[in-house]
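The values are calculated or read from the model by the stated rules, or taken from the named source; none is laboratory data. In this text the structure is predicted, and so the values were computed from the model without any measurement. Glycine gets a Cβ as well: all are built from the backbone with ideal geometry, and neighbour counts include every protein chain shown.
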Amino acid sequence: MNGTIMKPDLLIATNGFKGTWPSIEYGAWLASTLEKKVALLGVTENLSPAAIDDHHPLEDIFARAVELFQQNGVEYSLEVQNGNSEEVIPRRARLGDYIVVLGPLGRPQLRRMLTGRSIHHLMEEITQPILYVPASKLPLKKILICIGGLGYEVTAEHIAMQMAMKSRAELTLLHIIPSIDLNYPTAKTVSLHWQHLAETDTPVGRSLRQALTIAKSDGLSVQVKARQGNVVEEILAEYREGNYDLLCMGSPYSANALRQIYAPNVTAEIAGSVACPVLTARFKRD
């Protein structure tokens, strides 16, 4: 695909919570589709001494996962570590070049209120691409790629396009123009020509043209959309109206300290609000 070859294998993490099963299902499908190996990481969290001899939920989920990997012809390895998932998963992820596949960890509501959502913390700590799967939505037919205009989405975009090629999924490239008065030339150009952004000589216009060129050269069906308003609200509105199977977003973590609209909490907020997988990857300079 125009020299952009996705190399990472998959690291799938579970703490035994039943809500992580869709991420294992989706990870098995993705590994089979892209011919990747899987490392399945089980995290044993805070077992009381009295529970040491009890049947641990990881046992059942590992047994089901092994059967699933074998059915899909996926090469896999299994490992278990003790600790809190929010600490163990990023530490393990740093040991390899992975796409990290995650699901909801089943945290109590009080804990979420006090410490925030686990996915937000994990997005801060994990430098590799993350595929967050609150629900497994297959077959993959429609992918929404959010284009911010500063290039943060390129890494995730390349992965999504490979998934689209294998699945022959349709792509939609979406840019949101925020409803704020940005009084400088580029912002004015975007606001005036928001329905034809791909034709403008702006950062987002160039990003859209580059993505369109790659998609079309790979024979993919692709369209461009733009919306005006609150970034989170408009992405969620497009997701609902378009009934997408995968959302793809960039993240500016560890990138330039420029002011931008796709702040890290936008991706985490989207991930916590949709019932389909969300692919996100940090911006990396070549």
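Are there any pairs with C-beta distances below 6 angstrom linking a residue in segment 216-227 that is at negative phi to a residue that is among the hydroxyl-bearing types (S, T, Y), with the two at least 6 apart or on different chains, and if so which?
Every condition considered, the pairs that remain are Q223/T172; K225/T172.
A quick yes/no check of all residues on (1) modelled with pLDDT of 85 or more; (2) surrounded by fewer than 17 Cβ atoms within 10 Å (Cβ to Cβ); (3) in contact with a strand residue (DSSP E or B) (Cβ under 9 Å, 6 or more places away or on another chain):
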residue	(1), (2), (3)
D201	no, yes, no
S207	no, no, yes
L212	no, no, yes
A215	no, no, yes
G219	yes, yes, no
I235	yes, no, yes
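Could you list all residues from segment 122-147 that are surrounded by 22 or more Cβ atoms within 10 Å (Cβ to Cβ) and assigned to a strand (DSSP E or B)?
Those that are surrounded by 22 or more Cβ atoms within 10 Å (Cβ to Cβ) and assigned to a strand (DSSP E or B): I130, L131, Y132, I143, L144, I145, C146.
Does V101 satisfy being of a type outside the set (D, E, K, R) and under 15 Å from L11 (Cβ atoms)?
Taking the combined requirement at face value, the residue satisfies it.
Here are some residues: G250, G242, G229. Which one is at pLDDT 80 or above and either closer than 29 Å to T127 by Cα or within 22 Å of the chain's Cα centre (by Cα) (or both)?
Every option except G242 fails the conditions.
Looking only at segment 67-83, which residues are assigned to a helix (DSSP H, G or I) and more than 24 Å from the chain's Cα centre (by Cα)?
E67, Q70, Q71
Yes/no matrix, rows are residues, columns are (1) assigned by TED's automatic domain parsing to the domain that holds E234; (2) modelled with pLDDT of 95 or more; (3) among the small types (G, A, S); (4) touching a strand residue (DSSP E or B) at 6+ places or on another chain (Cβ under 6 Å):
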| site | (1), (2), (3), (4) |
| --- | --- |
| H121 | no, no, no, no |
| Q128 | no, no, no, yes |
| I147 | yes, no, no, yes |
| E153 | yes, no, no, yes |
| E157 | yes, no, no, yes |
| Q162 | yes, no, no, no |
| M165 | yes, no, no, no |
| R168 | yes, no, no, no |
| L171 | yes, no, no, yes |
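Of the residues M6, M1, which single one is at pLDDT below 95, over 20 Å from I130 (Cβ atoms) and of a type outside the set (D, E, K, R)?
None of the other options fit; the residue is M1.
Give the residues of segment 88-103 that are buried (at least 21 other Cβ atoms within 10 Å of the Cβ) and either touching a Pro at 6+ places or on another chain (Cβ under 8 Å) or assigned to a strand (DSSP E or B) (or both), sorted by residue number.
Y98, I99, V100, V101, L102, G103
Search segment 104-119 for residues being assigned to a loop (DSSP other than H, G, I, E, B) and of a type in the set (D, E, K, R), and hand back the single one that is modelled with the lowest pLDDT.
Looking at residues that are assigned to a loop (DSSP other than H, G, I, E, B) and of a type in the set (D, E, K, R), I get R117.
Tally up the residues in segment 9-32 that are at pLDDT below 95 and either under 22 Å from Q162 (Cβ atoms) or outside the structural domain of Q128 (by TED's automatic domain parsing) (or both), please.
Of the residues in that region, 1 qualify.
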